[in-house]
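The structure under discussion appears below in the form of C-alpha cells.
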Amino acid sequence: MAALTISNLRKSFGTFDALKDISISVTDGEFICLLGGSGCGKTTILRLIAGLETHDDGQILLGSDDLTAIPCHKRNIGMVFQSLALFPHLNVGDNVAYGMRLAGFPAAKITSEVSRLLNLVGLSGLMDRSVAALSGGQQQRVAIARALALQPQVFLMDEPFSALDAALRDQMQEEIKRIQRDLGITTFFVTHDQREAMALADRIVVMNDGKIEQAASPEELYTRPATRFVAEFIGINNIIARDGQMPIAVRPEALVLGASGDGISGKIMRQRRLGALLEREIKVGGQTLFQSEIAGSGVSFDIGAEVMVSWPDEKAWALPA
Amino acid sequence: MGAARMMRMPSYGSRLISGLAFGVMAVFFVVPLIFMIVVSFYQPDPMGFYKVDFVWENYAKFFSSFYYTVSLRSLYSSALGAVLVVAFAFPLVLFVSDLSRSHQQFWIISLLSLMCLSEVIIGFAWLILMSQSAGIPGFLEWIGLWDNPRSLSPSFGAMMIGLVFLGFSIVALILYPSVSRRDRSIEEAAVTLGTPPRLVFFKILLPTFRASLVPVTLTMFVYMLGVFVMPTMLGRPKDWTMTVIISDKALGDANLPLGAALAVVMLIVTVLVLIASAVLTRRRTP
Ligand SMILES: Nc1ncnc2c1ncn2[C@@H]1O[C@H](COP(=O)(O)OP(=O)(O)OP(=O)(O)O)[C@@H](O)[C@H]1O
Ligand SMILES: [Mg+2]
C-alpha cells in the first residue's frame, strides 16, 4: 500500500547532474538508509520524494499513484530536516499540532493525538515548553513527532542525528528504530555514517556522484560489496590488484598469515593489540594490507618479519571497478 | 601587586567610558529636555522669546481643539506610515533574499543609495513626479488614461508616499540580514505539513519575524513623528504634523513656550504609545 517505486529519476541543477538515473523499489514498511559522501545527491532524493524540488525525468510511484503529479503540500510525507526546522514561534504542543490544526482536525482529537505522539517520542509533559528551551535531543524528538503527526505514508529523515554527541546518537537510533517498527512506516533515512546505516537499515542504498552504487541489506553489503567504492566506503580496506584481472576484495579478518607456504609474500610493518584483537599492517608489493585476528589464534610474528599472506577463496570476491 | 593593578585597569576604563557616555547623554539629551520643560512654563512674549514665569497657559492651549486634532492626526499619519513602510518593505526583502547573489547586491546597493538621498531631495523628486505637467498625471494624460489631469500634491496621499519612501530603505536594510539568513527549511517544513505555498507568508513568515517587525514598526513610528520636510512639501496644511506646527510656533511666531509645551506633550504621548505597545506585544508572546 505504501510501497514506493522510483524509476529512472533524474535531476540537474543548471548544468550539474545531481541525480543520474536513480531507480529503487521500496516495499511497504521498509527502512532504507541512503548512504554516501557529501554532495552525492542524498538530500536531493528526499526533496524530490517530498515534492520540495521538481524532477527532470523519471517517476516516483507511491503504491500506484504518481507522486510527482501531486504538489508538496498535498503529498502527506513526513520529513525531518537536517536543521530540524521547528517553528520557533510555537511551543512543543503547537509544533506537533500544526499540521492537524491546518487540516481542521477537531480540537479534542488534536489534544489526544499530541499527547500520544509526545508519549511516543518520550516527551510527555513537555507540551507547553517553548522549543528554544529544549535540549538538542528533545528538539529532535519534537521534529520527529511533528513529522509523524499526520500519519504520513512515507517518513523522510535527513541526517537527523548528525549534530548529536555519540551517546545520544546511539540512543536516538534505537528509539527511531523502535518507532519505525511500531508504526510500520516506510522510511528513508539519510546518513553519511556507515555505522549508523548498518545499525538502522533493512536495506542500505550506497550512493556516489548522483548514482546508486549498490542497494543491499547491511549483511550483504558488508560481506559482498558490489563495487570498489562500496567496499572502501564500508571500510573493507584490502583491495588487491591483480594483473589483467579484476581486483579482489578481502576482509581483514579473512587474511591468514604463515611463515611459509602458499600465498603472496609480504612484510609486517606494524602490529598492535586492541583488547582481544590483534591488528597488523602488511606490505605486499606497493600496497598495504590490513589483517586482524583474535590474539593468540594464529602464529605470532615480530615486526619486520617476512610472511606469506593467503585467504580462503570463498572469502574473497572480484570487484567490477 | 602588579597583577592586582592590571586587574583593576579595565574597571577604571569602563567607569571612565560609562561616565563619559553619561556626560554626553546629559549634555545632548537631558539638558535640552530640562530646558524645554522649564521653558514650557514660561510666559510667551511677542516682543522677545519668553518671560520667566510659571504658568499652565501653554499646556491649556494644547487642549484647545486645534492642537488636539493636529496631534491626533500626527499620531495617525505616523502610525499609518510606519505600518505601510513595514508592510511594503518586508515582502520586498523576502523577495530580494531569494534572488541570486548578484541580484541581491544590486538591490542592496540601490537601497543604500536611496538612503543617501536627503529628505529634501526625495520630497522634490515626488513633488515633480506628482505635478500636473511633468509628472505622473501628465504621463497618464499622454497615454490617454486621464482626461483632465491635476496635480496629485499636496495631499494626504502624497505625504504618505513621501513618508513611506523615506522610511523604506531604512526598514529594508534593517530587516535584510535576518531575513536573508533565515532557515528556509522552516517554510519547507510547513509546506510538507500541508501549508499551501501562498499561506506560508501568513502562517510562518509573519509570526516568526514578528519579534523583528514590531520594534521596526515602532522605530518607524517615532521616526515619522519627527519628519518635517515631507509634510510641508507634499502635505496640505491640514495634514501638517505636530513637528511642523511646533517649529511653526517656536520659530515662525517666536512663541517658544508654546512650542516647548507642545513638544513636551508629544514626547509624553509618544512614550505612552511605546510603553503600551511594548506591554501589548509582550503579553501575546508565550
Ligand atoms: N538548489 C541547488 N542548486 C544548485 N545545486 C544544488 C542545489 N541543491 C543541491 N545541489 C547540488 O547537488 C548535489 C547534491 O546535493 P545534495 O544536497 O543532494 O547532497 P547530499 O548527498 O545531501 O550531501 P550532504 O551529505 O553534504 O548533505 C551537490 O553537489 C549540490 O551542490
Ligand atoms: Mg544533504
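Only the coordinates and a few stated rules stand behind these numbers; no lab work does. Source: prediction; values computed, not measured. Cβ atoms come from the backbone with ideal geometry, glycine included; neighbour counts cover every protein chain shown.
Regarding chain A, what are the three Cα extents along the principal axes, ordered largest first, in Å?
Answer, in whole Å and largest first: 78, 44, 33 Å.
Given a Förster distance of 22 angstrom, what is the FRET efficiency for B:ARG236 paired with B:LEU272, based on the Cβ-Cβ distance and rounded to 0.05?
0.20
Which of A:GLY304, A:GLY263, A:ALA316 sits closest to the plus end of the dipole of segment A:237-318, meaning its Cα is farthest towards the positive end, when Lys and Arg get +1 and Asp and Glu get -1 on the C-beta?
Farthest along the dipole direction, towards plus: A:GLY304.
Cα centroid distance between segment B:208-245 and segment B:103-176, in Å?
Going from one Cα centre to the other spans 16 Å.
Residues with amide H under 5 Å of A:ALA18's amide H, sequence separation 5 or more or different chain, H placed in the peptide plane at 1.01 Å from N; which?
A:LYS11, A:SER12, A:PHE13
Could you state the angle between the C-alpha long axis of helix A:166-183 and the longest principal axis of the C-alpha atoms of chain A, as a value from 0 to 90 degrees rounded to the nearest 10?
60
What translational D, rounded to a whole number of µm²/s, comes out for the protein assembly as shown from Stokes-Einstein when the hydrodynamic radius is the Kirkwood one over Cα pairs, at 25 °C and 0.890 mPa s?
Translational diffusion coefficient: 79 µm²/s.
Counting other beta carbons within 10 Å of each Cβ, put B:MET220, A:MET269, A:MET100 in order, fewest first.
Final ranking by Cβ density, sparse to dense: A:MET269, A:MET100, B:MET220.
How big is the antiparallel share of DSSP beta bridges in the protein assembly as shown, given as a percent to the nearest 5?
75
Would you mind computing, in nm to one decimal, how far apart the modelled labels at B:GLN43 and A:VAL299 are, each placed 7 Å from Cα along Cα→Cβ?
Roughly 12.3 nm, to one decimal.
Using a 10 Å cut-off around each Cβ, can you sort A:PHE189, A:PHE31, B:PHE35 from fewest to most neighbouring Cβ atoms?
Placing the least packed residue first, the sequence is B:PHE35, A:PHE31, A:PHE189.
Assuming R0 = 35 Å, can you tell me the calculated FRET efficiency for the pair B:LEU114 and A:ALA133, based on Cβ-Cβ distance, to the nearest 0.05?
0.30
Give me the angle, in degrees from 0 to 90, between the Cα long axis of helix A:136-148 and the longest principal axis of the Cα atoms of chain A, rounded to the nearest 10.
Tilt relative to chain A: about 60 degrees.
How many lysine pairs in chain B, separated by 8 or more positions in sequence or lying on different chains, have Cα atoms less than 30 Å apart?
5
Any idea which of B:PHE41, B:LEU225, B:TYR176 is furthest toward the positive side of the dipole for chain B, if Lys and Arg beta-carbons carry +1 and Asp and Glu beta-carbons -1?
B:TYR176
With a point put 7 Å past each Cα toward its Cβ, work out how far B:MET25 is from B:PHE139 in nm, to one decimal.
4.8
Rounded, prolate or oblate: which fits segment A:247-321 when a ≥ b ≥ c are the square roots of the eigenvalues of the alpha-carbon gyration tensor, with rounded for a/c under 1.5 and prolate only if a/b beats b/c?
Prolate, because a/c is 1.5 or more and a/b exceeds b/c.
Sort A:VAL284, A:VAL309 so that the residue with the fewest other Cβ atoms within 10 Å of its own Cβ comes first and the one with the most comes last.
Listed from fewest to most nearby Cβ atoms, that is A:VAL284, A:VAL309.
Scan chain B and note any complete DSSP helix (H) whose C-alpha atoms cover at least 20 Å along its axis and whose Kyte-Doolittle average is 1.0 or more.
Those that clear 20 Å and a mean of 1.0 are B:65-97, B:156-180, B:206-225, B:256-284.
Over chain B, calculate the relative contact order: mean separation of alpha carbon pairs under 8 Å at least 6 apart, over the residue count, as a percent.
In percent, rounded to a whole number, it is 29.
Can you give me the C-alpha center-to-center distance between segment A:279-310 and segment A:94-172, rounded to a whole angstrom?
Measuring centre to centre over Cα atoms gives 51 Å.
Name the aspartates and glutamates eligible as straight-distance cross-link partners of A:LYS283: C-alpha to C-alpha under 13 Å, and not fewer than 8 places from it in the same chain.
Filter leaves A:GLU306.
To make sure I understand the rule: partners must be lysines, Cα under 18 Å from the Cα of A:LYS11, and not fewer than 8 residues away in the same chain. Which ones qualify?
A:LYS20, A:LYS42, A:LYS211
Working out 0.36 nm times the residue gap between A:MET246 and A:THR111, then minus their Cα-Cα distance, what length gain in nm do you get to one decimal?
42.5 nm
Could you give the nm distance between label points at B:LYS51 and B:PHE124, where each point is 7 Å from its Cα heading toward the beta carbon?
4.4
Report, in debye and to the nearest 20, how large the dipole of segment A:1-81 comes out about its Cα centre when Lys and Arg carry +1 and Asp and Glu carry -1 on their Cβ.
Roughly 240 debye for segment A:1-81.
As an exercise, use a Förster radius of 51 Å and the Cβ-Cβ distance of A:ARG101 and B:THR69 to find the FRET efficiency, rounded to the nearest 0.05.
After rounding to 0.05, the efficiency reads 0.70.
Taking only DSSP H segments of four or more residues, each worth -39500 (n - 2.57), what value at 222 nm results for chain A once the sum is divided by all its residues, to the nearest 500 deg cm²/dmol?
-8000 deg cm²/dmol
When DSSP assigns beta bridges and you keep just the ones with both residues in chain A, what percent turn out antiparallel, to the nearest 5?
Rounded to the nearest five, the antiparallel share is 70 percent.
Could you tell me which of A:ALA108, B:ASN58, A:ALA50 has its Cα farthest along the dipole of the protein assembly as shown towards the positive end, charges placed at Cβ (Lys, Arg +1; Asp, Glu -1), taken about the Cα centre?
Checked the options; the winner is B:ASN58.
Nearest 20 debye, what's the magnitude of the dipole of segment A:4-228 about its Cα centre given +1 on Lys and Arg Cβ and -1 on Asp and Glu Cβ?
Dipole magnitude for segment A:4-228 comes out near 360 debye.
What do you get for the angle between helix A:107-120 and the principal long axis of chain A? Use alpha-carbon atoms, 0 to 90 degrees, nearest ten.
Helix A:107-120 sits at roughly 20 degrees to that axis.
Using θ = phi - 60° and the Karplus relation 6.51 cos²θ - 1.76 cosθ + 1.60, list the HN-Hα couplings for segment A:281-290 in order, rounded to whole Hz, with x at every Gly or Pro.
10, 10, 8, 10, x, x, 10, 9, 9, 10
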